[in-house]
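The values are calculated or read from the model by the stated rules, or taken from the named source; none is laboratory data. Note that the structure is predicted; figures quoted are calculated from it, not measured. Methodologically, a virtual Cβ is constructed for each residue, glycine included, from the backbone with ideal geometry; neighbour enumeration extends over all protein chains shown. To get the accessible areas, we keep the full protein, side chains included, count just its heavy atoms, and leave off ligands, DNA and RNA. Shrake-Rupley method; radii C 1.70, N 1.55, O 1.52, S 1.80 Å.
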Amino acid sequence: MFKHFVRRLERDVKRYVTKRYDDTKARYPKLDLKPTEVNVITHPFQRFAVWFGGSMLASQPEFLSQFHTKAEYAEEGPRICRSNAAFNQVS
């Protein structure tokens, strides 16, 4: 998690939206535009999202059959990690 990420994201998006609003107003002065309000919403469990997704994936019955053993890694080397059947099944 990044420090003050929500505030910085909201600030940056507001700048972009305001600039675009001003440019559009300057280009089309007769157009009836309303300013857009920017509000970034976070969830208290956002910091656990990756863990939660990983635990959901690991709880699938097919997941346990997708591991590489140490013996397979010793035989194949690092190239065995370049593709993983578990991620080919996710859709």
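Data table
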{"quantity": "Neighbour net charge for residue 28 - beta-carbon separation under 13 angstrom, K R +1, D E -1", "calculated": "+1"}
{"quantity": "In Å, descending, principal axis extents of the Cα set of the chain", "calculated": "71, 29, 24"}
{"quantity": "Accessible area per residue, Å², the chain with all protein chains present, probe 1.4 Å", "calculated": "95"}
{"quantity": "With eigenvalues of the C-alpha gyration tensor scaled by 5 and rooted, the stretch 36-78, Å", "calculated": "38, 14, 8"}
{"quantity": "0 to 90° range, to nearest 10: angle between helix 5-27 axis and the chain longest Cα axis", "calculated": "40"}
{"quantity": "Rounded percent of accessible protein surface that carbon and sulfur make up, the chain, 1.4 Å probe", "calculated": "59"}
{"quantity": "Value of relative contact order over the chain, rounded to a whole percent, pairs C-alpha under 8 Å and six or more apart", "calculated": "23"}
